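The values are calculated or read from the model by the stated rules, or taken from the named source; none is laboratory data. Keep in mind that what you see is a predicted model, and the values were worked out from it rather than measured. Quick reminder, even Gly has a Cβ in these numbers, built from the backbone with ideal geometry, and neighbours come from all protein chains shown.
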Amino acid sequence: MTAAVQPAPTATSPHRDVWLAMRRGFRCRCPKCGEGKLYTSYLKVVDRCPVCGEELHHHRADDAPPYFTIFIVGHFVVAALLAFDELWPDAPLWLHAVLWTSFIVLASLWLLPLIKGALIGYQWALRMHGFDERQE
């Protein structure tokens, strides 16, 4: 398995801070300026940042955000379920069904756009999928 080699920054393409771009994306903001909104609706990414004009339509988030969301929410649900079972071992099944289904749905809907934004920030910082201005 070979790692993809990223082009070295040049005078026309300065270094992009990966963690800063991911934090900005996690806040659902433009990874370049941190000011413009990243989404026009729930998961629809803007074509271009309304503040700095950075083109964002290049992103290729695809299946990664749902995968990471399921991974994170699943770990919290299992930990919470085990703790809940210790506190109330004979809880009725209907309570488990309502509690955990609600938690999973709400946590997933809340976390999905945040993770997608962080992934878009990551792609932008590493100049992946057309975010490299030298390829134009």
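Figures for the structure shown
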item	result
Failed item in (1) within 17 Å of VAL18 (Cβ to Cβ); (2) in contact with a helix residue (DSSP H, G or I) (Cβ under 8 Å, 6 or more places away or on another chain), with PHE76 passing the rest	(1)
Some residue of the range 83-99 being touching a helix residue (DSSP H, G or I) at 6+ places or on another chain (Cβ under 9 Å), outside any loop (DSSP other than H, G, I, E, B) and under 29 Å from MET128 (Cβ atoms)	no
Neighbours by Cβ (under 7 Å, 6+ apart or cross-chain): first from the range 27-56, part of a loop (DSSP other than H, G, I, E, B); second surrounded by fewer than 16 Cβ atoms within 10 Å (Cβ to Cβ) and charged (D, E, K, R)	CYS28/LYS37; VAL46/LYS37; PRO50/LYS37; VAL51/GLU35; GLU54/ARG48; LEU56/ASP47; LEU56/ARG48
Total residues in the range 23-38, condition in contact with a Cys (Cβ under 7 Å, 6 or more places away or on another chain) and closer than 10 Å to ILE120 by Cβ	3
The range 1-26, subset at pLDDT 95 or above and surrounded by 16 or more Cβ atoms within 10 Å (Cβ to Cβ), residue nearest to SER108 (Cα to Cα)	PHE26
For LEU111: the one exception among (1) in contact with a Phe, Trp or Tyr (Cβ under 6 Å, 6 or more places away or on another chain); (2) over 30 Å from PRO14 (Cα atoms)	(1)
Cross-chain or 6+ apart pairs with Cβ under 6 Å, the range 88-112 first and in contact (Cβ under 8 Å) with a residue 24 or more places away in the chain and surrounded by 10 or more Cβ atoms within 10 Å (Cβ to Cβ), then of a type in the set (S, T, N, Q) and assigned to a helix (DSSP H, G or I)	SER108/THR69; LEU111/THR69; LEU112/THR69
